[in-house]
């Protein structure tokens, strides 16, 4: 079973009940059977953005500890590929977390992503393959 990529906005929405897409993200994660994979950059962004919500950064890390959010990505191993992705999408002002997720799509051969980021409608993985965003935000 191929994993599903997990982006920052979804983690934030999962843990902050006040977020617009909290319910949508919660239902999407509940209905998935595939493992959720992400990277340290996404975890760091999530903890930062949830910093004012008491206990939320700890909840992010707890999800890593118990294996709900898996982090199989190693930045040092993937640095050359990341550099190419950052260069390719420089005009979109891509951040490290998004570049890591694109690289992970290549590594795990998966187009499936949980994200609130519209840039993933533009980003491509592999040799120009589109992502499949698993959230219905309409």
Given the options 37, 29, 65, which has the most mean-square fluctuation in a GNM of the chain, springs set between C-alpha atoms less than 10 angstrom apart? 65
Computed FRET value (nearest 0.05) for residue 59 with residue 86, which takes r as the C-beta separation and R₀ as 35 Å: 0.70
The stretch 17-138: relative contact order as a whole-number percent, Cα under 8 Å and 6+ apart: 23
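What number, in nm² with one decimal, is the all-direction average of the projected area of the convex hull of the alpha-carbon atoms of the stretch 52-117?
Values: hull surface 23.3 nm².
Directional mean of the projected Cα hull area for the stretch 52-117 stands at 5.8 nm².
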If each residue's Cβ is checked for other Cβ atoms within 10 Å, how do 123, 48, 89 rank with the fewest at the top? 48, 89, 123
Which value in deg cm²/dmol, rounded to the nearest 500, describes the helix-derived mean residue ellipticity at 222 nm for the chain, given -39,500 (n - 2.57) per DSSP H run of n ≥ 4 and division by the residue count? -14000 deg cm²/dmol
Ranked by GNM mean-square fluctuation in the chain (Cα springs under 10 Å), the top entry among 76, 46, 26 is 76
Footprinting exposure proxy for 94, 68, 11 (fewest neighbouring C-beta atoms within 10 Å first): 68, 94, 11
Round to a whole angstrom and tell me the spacing of the C-alpha centers of the stretch 78-121 and the stretch 6-72. 18
Relative contact order (%) - the stretch 1-44, alpha-carbon pairs under 8 angstrom, separation at least six: 52
So which residue, out of 85, 43, 122, gets the largest mean-square fluctuation from a GNM of the chain using Cα contacts under 10 Å as springs? 122
Considering only the chain, what is the antiparallel percent among its DSSP beta bridges, to the nearest 5? 20
Mean Cα-pair separation over length for the stretch 5-89, i.e. relative contact order, pairs under 8 Å, 6 or more apart, %: 29
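Any read-out appearing in this document is the output of simple, stated calculations on the displayed coordinates, not a laboratory observation. Quantities reported herein were computed from a predicted structural model and do not represent experimental measurements. Reconstructed Cβ throughout: ideal geometry from the backbone, glycine too, with neighbour counts over all protein chains shown.
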